[in-house]
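Comments concern the structure below.
The values are calculated or read from the model by the stated rules, or taken from the named source; none is laboratory data. What you are looking at is a predicted structure, and each value in this text was computed from that prediction instead of being measured. Counting neighbours? That spans all protein chains shown, and the Cβs are built from the backbone with ideal geometry, glycine included. Areas reflect the complete protein model, heavy atoms only, side chains present, ligands, DNA and RNA absent. Shrake-Rupley method; radii C 1.70, N 1.55, O 1.52, S 1.80 Å.
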Amino acid sequence: MERVEGMAGGSREDRMNRECGKCRGEKVLITASSAGSEAKVCECARQCAVCRGSRYLLEKDELGREMARMCECEKRRVRARLYTDAGVPGKYAQARLSDRFRDRHNQDAFNSFRLLARDYHKGQKGIVLMGPPGVGKTWLVAGFIYELIFLHGVPVMFRDFFHLLNDLKSGYSQGTPESELIDPLVGVEVLVVDELGKGRNTTWEQNILDVIISQRYNSHKTTIFTTNYTDSPKTTLAERVRPRDGASDGDITIRDTLAERIGPRIHSRLKEMCDLVKIFGPDRRESESTEGYQ
């Protein structure tokens, strides 16, 4: 497949695609909508000179038998649908692992995701990206999803942890079988869970998380997490809460570590199935020089 960025090739068609002012050579357009990020093949790549619209190419194997192979143009259509179905929020429609978004604050995390996307294979260890709000964790994850899908055609599901819990609660309350609620989360090849630990941290929430993580671990599935909680009280998220026992007149500050937030059993499993990567830096949401990178 052609590279997502800086595609190689010297034909007239390749040159025209690289010069396209709409897709900038990516051959797909990603747009934001209320439903999320949507992908479609760019007009510059809709007329394929290779298969001439048949979408498949006939080739002979070593025994001389004719075999149908999917043309690159059809792969592009399939991957555009995979990206739309992944559920990337519209806010991150333009997220890419492009060098212009790499800096001294995010370079370790940036390089980890780019390497994982480039060398991805089934069962590969995932990543837990830890850091404070606003440093660009979700942007990097969204850029990783884009690259993984358009380089390898890998099915990915993006879910915000808090919304995931709410959807599961709603499903259970409506009598939806647990298999219909959990199986898609367990079965997808790559699952991305944003804002791990966000919520009330109840026993039910921890049990649900345990089920999803344990089943994906046993199935050798790659899972990616972002979280505002770290392994150190000094760098983890500081939250102002009101004591439930009413012993204090005002709010107090708590600094749960990731292990405290999700429980030692789940934390131990995460360390087996993922590399722990930290990212620190300025709040990009307050910066005017990040060109939409938040």
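Observations on the model:
- Of the residues making up region 171-184, those that are more than 23 Å from residue 80 (Cβ to Cβ) and either open to solvent by 50 Å² or more (accessible area, probe 1.4 Å) or in contact with a strand residue (DSSP E or B) (Cβ under 9 Å, 6 or more places away or on another chain) (or both) number 9.
- Any hit, region 144-152, residues being within 30 Å of residue 232 (Cα to Cα), open to solvent by less than 20 Å² (accessible area, probe 1.4 Å) and not in a helix (DSSP H, G or I): no
- Only one of 237, 191, 196 that is closer than 14 Å to residue 260 by Cβ, hydrophobic (A, V, I, L, M, F, W, C) and at pLDDT 95 or above: 196
- Residue 113 fulfils the conditions (1) in contact with a Gly (Cβ under 9 Å, 6 or more places away or on another chain); (2) closer than 30 Å to residue 238 by Cα; (3) surrounded by 18 or more Cβ atoms within 10 Å (Cβ to Cβ); (4) in contact (Cβ under 8 Å) with a residue 40 or more places away in the chain except for a single criterion, (4).
- Set side by side, the residues 21, 36, 25 differ, and just one is touching a Gly at 6+ places or on another chain (Cβ under 7 Å), small (Gly, Ala, Ser) and modelled with pLDDT of 85 or more, which is 36.
- Given (1) in a loop (DSSP other than H, G, I, E, B); (2) more than 30 Å from residue 31 (Cα to Cα); (3) open to solvent by 10 Å² or more (accessible area, probe 1.4 Å), index of the condition residue 199 fails: (2)
- Qualifying residue in region 91-106 (condition: closer than 24 Å to residue 238 by Cα and not aliphatic (A, V, I, L, M)): yes
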